[in-house]
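Here the structure comes first, spelled out in structure tokens, and everything after it is commentary.
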Amino acid sequence: MKKLKNTKIYIAGHNGMVGNALLRYFKKIGFKKIYFVKKKKLNLLNQNKVESFIKSKKPDVIINCAGRVGGILANSTYPVEFLNDNIFIQLNLINSAYKNKVKHFINLGSSCIYPKNSKQPIRESYLLNSELEKTNEAYALAKIVGLKACSFYNKQFKTSYLTLMPCNLYGPNDNFNIKNSHFIPALIKKFSEAKNTKKKYVEIWGTGNPKREIMHVDDLASAVGFILKKKLSNNKKLAKYITANSLINVGSGQEFTIREFANIINYLTSSYKILKFNKKYPDGTKRKVLDIRVMTKLGWKSKISLKRGLKNTIDWYAKEKTK
């Protein structure tokens, strides 16, 4: 274990929700050589600068959490930026990893890459079986490029690059901007702000009927750490799987409707408002829950309950508002 903790890890996108959670996690379990750099000093869209940075630091592991993210409205408004930024960032990091002989590359994807009307729960093998959800098609296509790049490198050059595909995430350091956030932080912000007002209603976009699986970001951090330890220990079962697949789903295994999430957040924020659903906004995919049997068989499972995770996030948001 002492040898593992001296592993040099570069976290790309450390300021984001996922990157920040990973940074906290690896520091907590005692990893000593963690590299990260601010966006102002290293533009991940610049291939030459990325290659130069990787060459100088010589990390043993690169974990890619970087990219442009957002909810339905942001994806629909800026498809070109979502497509270009995410493709360039991923390919710059993956290509630089290979050129500099970085053995372990862990790429973090998004469950929106799966077909819109995919069978449920969604298995890794369902990728590209049918058309994507139009509301975030550009982002999904970009993430598929990164996933496939890892797979192609593994096939052609015998690397061991892996993409972990999490369900919808939430937690501290999430984006709480109503215009471009995901639905959980948007709901937390709406109910938190409505709590001390005379407003009787809180507007929810869509019908409230779609089902979603969500997971606290700290659970994803523990999943990444779990997989990394197995990779560093040359676990044969995992190595065999990566050679054949290069993709593993990570999720909580629990799903609820948007309406149910709204009711829980309404209660946890002590807002107690009436829900008003604005059906002018699109629902997106009707149901999305991941098949997590691969991670389960490897020995990992989500530990943070929905109410505990949401309460943690609500409390974090409340503290941030007072700063």
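Could you please find all residues in segment 265-322 being among the aliphatic types (A, V, I, L, M), open to solvent by 20 Å² or more (accessible area, probe 1.4 Å), touching a residue at least 60 places away in the same chain (Cβ under 8 Å) and not in a loop (DSSP other than H, G, I, E, B)?
Across segment 265-322, the qualifying residues are 274, 275, 294, 298, 306, 318.
Given (1) open to solvent by 40 Å² or more (accessible area, probe 1.4 Å); (2) more than 20 Å from residue 212 (Cα to Cα); (3) in a helix (DSSP H, G or I), where does residue 154 come up short, assuming only one miss?
Here residue 154 meets the rest and fails (1).
On the basis of being assigned to a strand (DSSP E or B), in contact with a Cys (Cβ under 7 Å, 6 or more places away or on another chain), open to solvent by less than 80 Å² (accessible area, probe 1.4 Å) and under 27 Å from residue 229 (Cβ atoms), does residue 11 make the cut?
yes
Test of understanding: among 181, 233, 222, which residue is more than 16 Å from residue 276 (Cα to Cα), of a type in the set (Ser, Thr, Tyr) and at pLDDT 95 or above?
222
For residue 97, work out the one condition from (1) open to solvent by 40 Å² or more (accessible area, probe 1.4 Å); (2) more than 21 Å from residue 183 (Cβ to Cβ); (3) in contact (Cβ under 8 Å) with a residue 60 or more places away in the chain it doesn't fulfil.
The one condition residue 97 does not meet is (1).
Please identify the pairs in which a residue from segment 201-225 that is in contact (Cβ under 8 Å) with a residue 24 or more places away in the chain and outside any strand (DSSP E or B) has its Cβ atom under 6 Å from the Cβ atom of a residue that is small (Gly, Ala, Ser) and open to solvent by less than 10 Å² (accessible area, probe 1.4 Å), counting only partners at least 6 apart or on another chain.
Filtered contacts from segment 201-225: 217/21; 217/171; 218/21; 221/21.
Give 196, 245 a once-over and let me know the one that is within 30 Å of residue 156 (Cβ to Cβ) and surrounded by fewer than 22 Cβ atoms within 10 Å (Cβ to Cβ).
After ruling out the rest, the residue left standing is 245.
Please count how many residues of segment 53-75 are open to solvent by 70 Å² or more (accessible area, probe 1.4 Å) and either within 21 Å of the chain's Cα centre (by Cα) or among the polar types (S, T, N, Q) (or both).
Residues flagged as open to solvent by 70 Å² or more (accessible area, probe 1.4 Å) and either within 21 Å of the chain's Cα centre (by Cα) or among the polar types (S, T, N, Q) (or both) within segment 53-75 amount to 4.
Taking segment 1-49, which residues are more than 15 Å from residue 232 (Cβ to Cβ), without any contact (Cβ under 8 Å) to a residue 12 or more places away in the chain and not charged (D, E, K, R)?
42, 43, 48 - these are the residues of segment 1-49 that are more than 15 Å from residue 232 (Cβ to Cβ), without any contact (Cβ under 8 Å) to a residue 12 or more places away in the chain and not charged (D, E, K, R).
Taking segment 121-151 only, how many residues are open to solvent by 80 Å² or more (accessible area, probe 1.4 Å), assigned to a helix (DSSP H, G or I) and touching a residue at least 40 places away in the same chain (Cβ under 8 Å)?
0
Name the single residue, out of those in segment 109-120 being in a loop (DSSP other than H, G, I, E, B) and touching a residue at least 12 places away in the same chain (Cβ under 8 Å), that is surrounded by the fewest Cβ atoms within 10 Å (Cβ to Cβ).
If we take residues in segment 109-120 being in a loop (DSSP other than H, G, I, E, B) and touching a residue at least 12 places away in the same chain (Cβ under 8 Å), then 117 is surrounded by the fewest Cβ atoms within 10 Å (Cβ to Cβ).
If a residue has to be in a loop (DSSP other than H, G, I, E, B) and closer than 10 Å to residue 63 by Cβ to count, how many in segment 14-35 make the cut? Break it down into steps so the answer makes sense when it comes.
Within segment 14-35, the subset in a loop (DSSP other than H, G, I, E, B) is 14-16, 29-32.
Next, only the ones that are closer than 10 Å to residue 63 by Cβ stay: 14.
Residues that pass the stated criteria total 1.
The values are calculated or read from the model by the stated rules, or taken from the named source; none is laboratory data. On a predicted model such as this, the values are computed, not experimentally measured, just so you know. All Cβ positions, even for glycine, are placed from backbone atoms using ideal geometry, and neighbour counts span all protein chains on display. These area figures cover heavy atoms from the full protein model, side chains too; ligands, DNA and RNA do not enter into them. Shrake-Rupley method; radii C 1.70, N 1.55, O 1.52, S 1.80 Å.
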